[in-house]
Amino acid sequence: MAQVEQSLRGRKILLIVGGGIAAYKALDLVRRLRERGAQVRAVLTPAGREFVTPLSLASLSGQPVHESLFSLTDETEMGHIELSRSADLVVVAPATADLMAKAANGLANDLASTLLLATDKKVLMAPAMNVRMWLHPATLRNVAQLRADGVLFAGPADGEMACGEFGPGRMSEPLEIVAAVEQALAGETRIPLPGDAATNSSLLKGRRVVITSGPTHEPIDPVRYIANRSSGRQGHAIALAAARAGAHVTLISGPVSIPDPAGVEMRKVETARDMLAAVDAALPADIFIGAAAVADWRVEGAADRKIKKTAAASPSLTLTENPDILAHVAAGTANRPSLVVGFAAETDHLLDHARAKLARKGCDLIVANDVGTGTGVMGGTSNTVHLVSRDGVESWPLLDKDEVARRLVERCAMLLAGSGST
Ligand code: CTP
């Protein structure tokens, strides 16, 4: 037999085996992890015991198998805190809908859930369940919560299931889980789900999404205008990610110098008022995302001829407020999209301003980013964002704008599924 590379030499894995027909694959997973040099300690849930025996897990792992919270309470032996922390990585395979729901909600009423709550290590889950259970809004909510909490996922895969149905929900193969373990231990903070927008063209299938992007230009006279530094990169990237996720996308963009994203319906506008009219014409939609840096003011009574320099005095400009497109869409009664997302570009007190904007504009989610001097966000290619909703704040690490877009689209799809909108 060919020698297997010792890619996991000395790494300690705590493997939680949940109940499901896929539990038999956990036995092979133990073998694959060990042949790469990992030490594996297994925890078997009562439901898991219905599918594999503690004896087979113990024989393959070469370690005692833990099954009950209360048999561990004698802390002289190995308490649950130590069990959960002595590992380098906690792997849950199969991760059942029930285990995921418990972990997403912080329940700790048995050994597996207690370990998941007590651990200070990364957790990698390999879900396995019926396709309808996987696509149920409750599970989607739990997955979103777990990902927000930093849990990594391997799979599930698409395919025929033991129950005879077809679709996502099948546990990944042991070698795929091994690859995810290696990625997790190498410091990956995110392993794409098969349901991710980049790989799944049905996440927003049948949904209509309207997005604004870029700056607006507010004329002073026919040759001069007021503008801002927005490049349109973030809004355009979101439009592309939403189109790739199967949505019908209308992208309403102010003047930008980047190419139109593929597969979206473009509407090109100049001023805030043009943008508002184009948004109204594009509604109704399931999702509205206001990523444009709409000019707050326009010049009152812009000249229709070029203003000439005169010896007398410099011209003075009187500014008047532009309509707030985001607030207008969020306030829409008949036409309000199920999900209204705004951006908050701030240079100080980022989260306070973002929370205030969420309330003031009546939207469901604010993507807040710091555009202060030196951040390079305006016009740049990467972004550190915080998602602010009524449920709290979720901060993402520095990501390129394409990745922010992909994650945001995925999050919108989950929120839409969770809102019960069909
Ligand atoms: N927005 C909008 N119409 C406007 C102004 C802003 O639709 N006239 C939207 C932007 O697309 C963004 C959000 O509102 O999604 C917040 O934009 P931002 O410029 O950060 O906020 P302002 O409302 O302009 O508030 P301020 O400039 O005081 O921070």
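If you take the Cα centroid of the stretch 265-284 and the Cα centroid of the stretch 30-107, the two points sit 55 Å apart. Counting only Cβ charges, +1 for Lys and Arg and -1 for Asp and Glu, the dipole size of the chain around its Cα centre is about 780 debye. Sites listed here are GluC sites (Glu not before Pro) in the stretch 27-136 whose DSSP assignment is loop and whose Cβ has at most 13 other Cβ atoms within 10 Å: Glu50, Glu75, Glu77. Where nothing but the Cβ of Lys and Arg (+1) and of Asp and Glu (-1) is charged, how large is the charge dipole of the stretch 208-418 around its Cα centre, in debye to the nearest 20? Roughly 380 debye for the stretch 208-418. Between Ala186 and Arg229, full extension at 0.36 nm per residue minus the direct alpha carbon distance yields a gain of 11.7 nm. Count Lys and Arg as plus one, Asp and Glu as minus one, and take only other residues whose Cβ is under 14 Å from that of Ala285; the net charge is then 0.
Residues Tyr225, Tyr24 in ascending order of nearby Cβ atoms (within 10 Å, fewest first): Tyr24, Tyr225.
Quick one: net charge of Gln6's neighbours, Cβ under 14 Å, K/R +1, D/E -1? Result for the local shell: +2. Look at Ser61, Ser253, Ser172 and count the other Cβ atoms within 10 Å of each Cβ; fewest to most, that gives Ser61, Ser172, Ser253.
Would you work out which of Ile13, Val131, Ala179 lies farthest towards the positive end of the dipole of the stretch 12-185, given +1 charges on the beta-carbon of Lys and Arg and -1 on that of Asp and Glu, about the Cα centre? So the residue furthest toward the plus end is Ala179. For the chain, the tally of Lys pairs with Cα-Cα distances below 27 Å comes to 18, considering only residues 8 or more apart or on different chains. Taking the number of Cβ atoms within 10 Å of each Cβ as an exposure proxy, the fewest-first ranking of Phe343, Phe288 is Phe343, Phe288.
The trypsin sites (Lys or Arg not before Pro) of the stretch 246-330 that DSSP puts in a loop, and whose beta carbon has at most 15 other beta carbons within 10 Å, are Arg305, Lys306, Lys308, Lys309. Rounded to the nearest 500, the helix-only mean residue ellipticity at 222 nm of the chain stands at -9500 deg cm²/dmol, with each DSSP H run of n ≥ 4 adding -39,500 (n - 2.57). Taking Cβ atoms as reference points and 12 Å as the exclusive limit, the residues near Ile238 contribute a net charge of +3, counting Lys and Arg as +1 and Asp and Glu as -1.
No lab work stands behind these numbers, since they all come straight from the coordinates. Predicted, not measured: the structure shown is a model, and the values here were computed from it. So basically every Cβ, Gly included, is an ideal-geometry build from the backbone, and we count neighbours across all protein chains shown.
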